[in-house]
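Undergrad: Pasting in a structure now, in structure tokens, and then I'll have a few things to ask.
The values are calculated or read from the model by the stated rules, or taken from the named source; none is laboratory data. Worth saying up front: this structure is predicted, and the values here are computed from it rather than measured. Cβ coordinates were reconstructed from backbone atoms using ideal geometry, including for glycine residues, and neighbour counts include every protein chain displayed. Just the protein is used for accessible areas: all its heavy atoms, side chains included, with ligands, DNA and RNA removed. Shrake-Rupley method; radii C 1.70, N 1.55, O 1.52, S 1.80 Å.
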Amino acid sequence: MPTTLRPSSLLWVFLGGAAGTGARALILHWFPATPGFPWAVMGINVLGAFLLGVLLQALISRGLSVGGWLKLRLLLGTGALGAFTTYSALSEGILALIHAGDVLGASLYGLGTVIVSAAATLLGISIGAARRGPSDPATDPDISEEASD
């Protein structure tokens, strides 16, 4: 059985998912939908994409699926940020705009959310990589293997 499908792994996803869903619900409560454009949902998706980029870059630089890092990825990445971002609400927003007769707005909202979220992920990855700084051959197994070749 793959490590990510073990009951203990699924528990980490469940716990993170509960936290992410709760955080999303709070934000949507604090910033209720306004007629015309679902800004809160777009903000949640962009913020979640950015945070996922930072998180995954940080975990990749430390060995993404090794020991406790896997649990952290499942808890925060798959669970919390997976549940925090809300592409089902994105779809609902698109449909609401279409039903209101704003096909252009629906198109811009859908494409804009995906494009801006992708850019936010890249920004998060860049920030995560910059925060790591230059690699140290003494602590980075990939570099130390290359140095010994």
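Undergrad: Mind checking which residues of the stretch 51-109 are over 20 Å from the mean Cα position of the chain (by Cα), over 23 Å from GLY128 (Cβ atoms) and either in a helix (DSSP H, G or I) or of a type in the set (Ser, Thr, Tyr) (or both)?
TA: Within the stretch 51-109, ILE94, LEU95, ALA96, LEU97, ILE98, HIS99, VAL103, LEU104, GLY105, ALA106, SER107, LEU108 meet the criteria.
Undergrad: Checking the structure you have, find out if any residue of the stretch 115-123 is free of Cβ contacts under 8 Å to residues at least 40 places away in the same chain and of a type outside the set (Phe, Trp, Tyr).
TA: Yes, the stretch 115-123 contains a residue that is free of Cβ contacts under 8 Å to residues at least 40 places away in the same chain and of a type outside the set (Phe, Trp, Tyr).
Undergrad: Say we look at the stretch 78-118 and pick out the residues that are open to solvent by less than 70 Å² (accessible area, probe 1.4 Å) and aromatic (Phe, Trp, Tyr); which of these is farthest from LEU26 (Cα to Cα)? Show your work before the answer.
TA: Of the residues in the stretch 78-118, the ones open to solvent by less than 70 Å² (accessible area, probe 1.4 Å) are 79-86, 89-91, 93-94, 96-97, 101-102, 105-107, 109-110, 112-113, 116-118.
Of the ones still in play, those that are also aromatic (Phe, Trp, Tyr) are 84, 109.
Values: PHE84: 10, TYR109: 22 Å.
Filtering the stretch 78-118 for residues that are open to solvent by less than 70 Å² (accessible area, probe 1.4 Å) and aromatic (Phe, Trp, Tyr), the one farthest from LEU26 (Cα to Cα) comes out as TYR109.
Undergrad: Please determine, by comparing only the residues of the stretch 23-45 that are part of a loop (DSSP other than H, G, I, E, B) and more than 17 Å from THR113 (Cα to Cα), which one is farthest from the chain's Cα centre (by Cα).
TA: Checked the stretch 23-45; the qualifying residue farthest from the chain's Cα centre (by Cα) is PRO35.
Undergrad: Continuing with this model, one more query. So LEU56 ticks every box in (1) open to solvent by 60 Å² or more (accessible area, probe 1.4 Å); (2) modelled with pLDDT under 90; (3) of a type in the set (A, V, I, L, M) but one. Which box is left unticked?
TA: It fails just one condition, (1).
Undergrad: Related question: Based on what the data block shows, is GLY43 closer than 15 Å to PHE84 by Cα, open to solvent by less than 90 Å² (accessible area, probe 1.4 Å) and at pLDDT below 95?
TA: Yes, satisfied.
Undergrad: Where the second residue is among the aliphatic types (A, V, I, L, M) and in a helix (DSSP H, G or I) and the first is exposed (fewer than 14 other Cβ atoms within 10 Å of the Cβ) and lies in the stretch 1-18, which pairs have Cβ atoms under 8 Å and are six or more apart or on separate chains?
TA: THR3/LEU70; ALA18/ALA83
Undergrad: Which pairs have Cβ atoms under 6 Å, sit 6 or more apart or on different chains, and link a residue in the stretch 52-63 that is more than 13 Å from SER126 (Cβ to Cβ) to one that is not in a helix (DSSP H, G or I)?
TA: none
Undergrad: Inspect the stretch 61-77 for any residue being open to solvent by 60 Å² or more (accessible area, probe 1.4 Å) and modelled with pLDDT of 90 or more and give the result as yes or no.
TA: Looking only at the stretch 61-77, we keep the residues that are open to solvent by 60 Å² or more (accessible area, probe 1.4 Å), and these are 62, 65-66, 69, 71, 76.
If we keep only those that are modelled with pLDDT of 90 or more too, we end up with 76.
Yes - at least one qualifying residue is present in the stretch 61-77.
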